[in-house]
Structures are given as structure tokens and as C-alpha cells.
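Worksheet: one structure, shown below.
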Amino acid sequence: MHISVGARDLSRHALKRWLGTHIGAVMRQGESGVRECFPRFQQCGRIDIHQRQMASARRELSRQRPAETVRRSGNDRDSILILAQHYQNSRNTITGIADPLFRCETMEIAVSRHTLKSVIALLVLAAVLLPAQGQRWKIQYFYDKEKTSLTINDFVFPSVKYGIAAGYITEGKIEMPVSVVTSDGGDHWQLLPLKETPISLFFLDDSIGWMVTTKGIWRTTEAGRNWTKLPKVSGEILRVCFTTRMDGVAVGVKKLVLMTHDGGQSWTPVAAAADQPGDPLYSAYVWVGFANPNMGLVVGTNNPPRRFAPLFPDWLDPQATLRMRDVPHLTYSLATHDGGKNWRAGNGSLLGQTSRFRLMPDGNGVGLMEYSELSNIPSEVFLLDWHTGKSLSIYKDPKVGISDIWMDPDGTIYLAGIEEPGRVRDIIPGKVLVYSSRDYQAWATIPVDYRASALRTILAMPDVQHQWLATDNGMILKLVPDSAASGK
């Protein structure tokens, strides 16, 4: 039994998404699943693929998926049979199938009888959900001035029109704090000076926001075009989060968690934060977020220095670093169910550090764990369930370092990071990579401008139709249709 899908009805990127997401999902429904996958190439009738093309395709698929057996299917010279009893998705394999398929009129997929209904349902769903054309990340702003460089520390888009990136320009040994702002949806960007080096940003709406700097906390009521410094805070703050114009939480180093009920004019320490075990000198709360005005979460870590650290920095003597073994360290959490009136503390011994999370109003979310260069993987992404307290690992790749995550209201998760150039990380910029998934098993690669490279990336998405990405080296990109990216 066969089902035909018009390949030219989908863009190349959409076709890859279909292959990566839906075929994999069907095959995982059971052992019998889809037994055979026949890409058939047709163009005004049946055509044959030359023997040389067949051999090339088989070699490529074998190289990408050594565990799979790739061979010709009987006398069908226009078919490639992939026996995949233990199917695992591969971006390169999907690309290898989708690229030649995109040039053809139709594709036919042979399925076992009992999965036919499921495949039909998925095809209908794909036709409804997939865009008419593919998308890619296009550069909208890039700081490129001779003998200077822009470092972006944080990036937010509180509404469709208003966006702001905050960081500093380096010229020799001089650092000049700046922000890059737009008020027309990214069509034009303006570079504005700041008085202190920014660390992080938080915006409640498109006008009111807070900026944490190396010397304090600032507040704006004009979408970041003007800032007013708030009274001095005791301690070093890293990030703030507000649920209203008056109520907010600040987190920082040495087990510091503070609350305000007057917009940041005064702050009160959260006692549960300081009661966590571990030396405060090596402890910090690094991220805070609220799913809704009542449900909030703070995460942090205690990471003392290595007892037998190498004599030289990691980048100068990488072999000495890689010979060491990673050791667990304390991870902190604080949770509230009543808007911060009461906090429940938790801690555990883990190898990695929870660097950030994104929560939805219903309590579900996504979290990012980052590991040191002593680990085989640079990062790992987890699906979070507030109500059960459980987490599920959904993405890890030894060659990809994820540095930011995002969850849309429709459940789509976006991952942004770089292709790691080696085991010693955060030294050499890597190619920027972005993935998305709705089922959290098959991840579609979203093409990024070839010029985009970075150490870290930051996502900002005011809604499902407007998605932005910034790199730490001064580049801002927008997710646009393929035609817009190519200038058509």
C-alpha cells in the first residue's frame, strides 16, 4: 500500500521537517511500525536513477547511519530500501533524503497495513500545520566597525515592535556600555549609550523594564530609551523577574535572593535561600522565572574550585584539562506556589548546572543543563512538569552546545546554540545552530545565515509569528520565510 505526497507542495525545509518529525513518530508507535521506507522519484512518469547516483546515495546513508542497512530494493533502481528496526533520526540522513526528493514530483511511502490510518492522519496534520514555504534565520543587525566589537549580554523582545539588546563595545582596553534598540519591529536599530555595563534584562511589557548592571539595578518606562537607577542593593545581583510593576524577585551571588513590593525601591532577603548548604563564596542563584503570578522558581549552584586544577588555563593546556574527571556539585532550587510568600528550598548533587528554564502558565516548561568541558556532552535539554516535579531529557548532542531554549504557547520548543569546535569550550566561536520540535523526539534544523557564529546565543520571541535570535558577538537575526531571506 502506498501514499503519495506532493513534494513540490512543500518547501525543502518543510519537507525535511515532515520527514524528521512525522516518519519518526509513526515508526516509534510500535515495533512493527513502518517497516520499509521507499523514496520514489517521479517526473512526468517513472524515471530511473543512474547506478552511480544509487551508489552515492547508499554510501551517504551508510556513512550517516552505520547501524542501518542500506541496499537496492530488488529491480527497483529508483528505490532505496532502509531497514531501520531501531530507527534514530539524523539531520544529515533526513537532508540526504529530502534534498533529492525535493526535486521530484511525488514521494511514495510503503507502510504496513495497520499503520496506514496513522500515516494518513499525520499527512493531513502536516498539510494543516506546515507553512507554505520554509523559514530561515536572516541577519537584521550586525555591528561591524573596524577595531571595535560589540558583545551582547542579553536580548529581549517584549512586544512585536519593541526590542532591545544590551552589552558593551570594546575598543582596545576600553569598554563602553551600550544598548541596541528598535521600535518598528526590527526594520531599524539604534545604538544608545549606557552608564553601566549591563548583565541582564527583564521587561514586563513593551515600556516597563529593568536592567541589571555590574553596579546595580536600573528601570525604564520608555522601552529602554531612558533608564533611571534604583536605590543601591546590598550584594551582587545577576537577574530580576517581575510579576507586576511592583512585585519582583532578584537573584545573585553568595546565595542572594531578594524580593520587592515597590518596583525595586527596596528589597527584602529570602531567608530560605541563605539556608542552603555549601560555602556562600562559591554559590550563586543564576536564574528566576514565574509560570504565573503564583508559581515561581529560582535555580542556582555551588561550584567550588577544583582541588587539583591545571597550572595553565584550559585554552593554553587543553590536554591537562581533559585528563581530569568531572565531579558532582550542589545544585539549588527555590519554589513558591503563593507568589513568594513562602519558598520551598531543595538541593541535590549533579554534574551539570541548570543555567535557565522557560515556564508556561500551566506549569509545564523546558530547562537547560550545561556541563563543563570535562563532560562528554556540552548541554542537555529537559522537559519540565511542575505538577509532578519530574523532568525528561529530550535533547543532547556531544557536538552541539545549546545556550538558550524557548517554548511557544503551542508547545513548540526551540533550541539555539553552536556547533562545538572541540572539547574545550567557550573559546572559539562555532557555527550557530537552531532546532525546533513539536514531539520532542525529532528535531528539525532551521537554516541560519552562514555568517552567524558565536560562543553563545539568546532567543527572544514575543509571539509565535515573530521570532528573534541574538549572538554574543553583536549579531541579531529574525526568522523569516525563505523568499524574504533570499531577497525575493
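The values are calculated or read from the model by the stated rules, or taken from the named source; none is laboratory data. None of the values given here were measured: they were computed from a predicted structure. Neighbour counts run over all protein chains shown; Cβ positions are idealised from the backbone, glycine included.
Let me confirm something: among 453, 483, 403, 437, which residue is farther than 29 Å from residue 296 by Cβ, in contact (Cβ under 8 Å) with a residue 40 or more places away in the chain and not hydrophobic (A, V, I, L, M, F, W, C)?
483 is the lone residue from the list that is farther than 29 Å from residue 296 by Cβ, in contact (Cβ under 8 Å) with a residue 40 or more places away in the chain and not hydrophobic (A, V, I, L, M, F, W, C).
Out of all the residues in segment 267-294, which are in contact with a Cys (Cβ under 7 Å, 6 or more places away or on another chain) and of a type in the set (Gly, Ala, Ser)?
The one that is in contact with a Cys (Cβ under 7 Å, 6 or more places away or on another chain) and of a type in the set (Gly, Ala, Ser): 289.
Just for strands (runs of 3 or more DSSP E) wholly inside segment 226-290: which have at least 2 residues that are in contact (Cβ under 8 Å) with a residue 60 or more places away in the chain and out of contact with any helix residue (DSSP H, G or I) (no Cβ under 7 Å at 6 or more places or on another chain)?
Answer list for segment 226-290: 283-290.
What pairs come out if I take residues in segment 170-182 that are more than 18 Å from residue 470 (Cβ to Cβ) and pair them with residues that are of a type in the set (Phe, Trp, Tyr) whose C-beta lies under 9 Å away, six or more apart or interchain?
If the second residue must be of a type in the set (Phe, Trp, Tyr), the pairs left are 175/168; 176/168.
So in segment 208-220, with the set limited to residues that are in contact with a strand residue (DSSP E or B) (Cβ under 8 Å, 6 or more places away or on another chain) and free of Cβ contacts under 8 Å to residues at least 24 places away in the same chain, which one is farthest from residue 286 (Cα to Cα)?
Per the criteria, the residue is 220.
Assigned by TED's automatic domain parsing to the domain that holds residue 292, crowded, with 17+ Cβ neighbours inside 10 Å and in a strand (DSSP E or B): does that describe residue 416?
Yes: the conditions hold for residue 416.
Only one of (1) surrounded by fewer than 19 Cβ atoms within 10 Å (Cβ to Cβ); (2) modelled with pLDDT under 95; (3) closer than 19 Å to residue 207 by Cβ is not met by residue 229, so which one is it?
Result: residue 229 fails condition (2) only.
Evaluate the following for residue 397: is it part of a loop (DSSP other than H, G, I, E, B), assigned by TED's automatic domain parsing to the domain that holds residue 466 and surrounded by fewer than 18 Cβ atoms within 10 Å (Cβ to Cβ)?
no
Among the numbered conditions (1) part of a loop (DSSP other than H, G, I, E, B); (2) among the charged types (D, E, K, R); (3) modelled with pLDDT of 95 or more, tell me where residue 478 comes up short.
Every condition holds for residue 478 apart from (1).
Kindly indicate whether any position in segment 340-354 is more than 22 Å from residue 285 (Cβ to Cβ), outside any loop (DSSP other than H, G, I, E, B) and not aliphatic (A, V, I, L, M).
no
Report, by residue number, each residue of segment 204-218 that is among the hydrophobic types (A, V, I, L, M, F, W, C) and either outside the structural domain of residue 154 (by TED's automatic domain parsing) or not in a strand (DSSP E or B) (or both).
204, 208
Regarding residue 411, is this residue of a type outside the set (A, V, I, L, M, F, W, C), in the same structural domain as residue 186 (by TED's automatic domain parsing) and surrounded by fewer than 18 Cβ atoms within 10 Å (Cβ to Cβ)?
yes
Tell me, which residue of segment 368-385 that is touching a residue at least 40 places away in the same chain (Cβ under 8 Å) and either hydroxyl-bearing (Ser, Thr, Tyr) or buried (at least 18 other Cβ atoms within 10 Å of the Cβ) (or both) is farthest from residue 457 (Cα to Cα)?
In this case the residue turns out to be 375.
Within segment 459-474, how many residues are under 17 Å from residue 419 (Cα atoms) and assigned to a strand (DSSP E or B)?
Matching residues across segment 459-474 total 4.
Consider segment 262-282. How many of its residues are closer than 14 Å to residue 333 by Cβ and either touching a strand residue (DSSP E or B) at 6+ places or on another chain (Cβ under 6 Å) or of a type in the set (S, T, N, Q) (or both)?
Counting residues in segment 262-282 that are closer than 14 Å to residue 333 by Cβ and either touching a strand residue (DSSP E or B) at 6+ places or on another chain (Cβ under 6 Å) or of a type in the set (S, T, N, Q) (or both) gives 5.
Inspect all residues belonging to segment 295-315 and state whether any of them is in a loop (DSSP other than H, G, I, E, B) and modelled with pLDDT of 90 or more.
For segment 295-315, residues in a loop (DSSP other than H, G, I, E, B) and modelled with pLDDT of 90 or more: present.
Among the residues of segment 267-275, is there at least one that is on the phi < 0 side of the Ramachandran plot, touching an Asp or Glu at 6+ places or on another chain (Cβ under 6 Å) and buried (at least 19 other Cβ atoms within 10 Å of the Cβ)?
Checked against the condition, which is being on the phi < 0 side of the Ramachandran plot, touching an Asp or Glu at 6+ places or on another chain (Cβ under 6 Å) and buried (at least 19 other Cβ atoms within 10 Å of the Cβ), segment 267-275 yields no hits at all.
Condition test on residue 434, is it in contact with a strand residue (DSSP E or B) (Cβ under 6 Å, 6 or more places away or on another chain), modelled with pLDDT of 95 or more and either closer than 16 Å to residue 134 by Cβ or not aliphatic (A, V, I, L, M) (or both)?
When the stated conditions are applied, residue 434 passes them.
Table: residues versus (1) modelled with pLDDT under 95; (2) aliphatic (A, V, I, L, M).
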site	(1), (2)
154	no, no
164	no, yes
172	yes, no
175	yes, no
194	no, yes
201	no, yes
212	no, yes
217	no, yes
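Out of the residues in segment 183-193 meeting the condition of being touching a residue at least 24 places away in the same chain (Cβ under 8 Å) and not in a strand (DSSP E or B), tell me which one is nearest to residue 219 (Cα to Cα).
Looking at residues that are touching a residue at least 24 places away in the same chain (Cβ under 8 Å) and not in a strand (DSSP E or B), I get 183.
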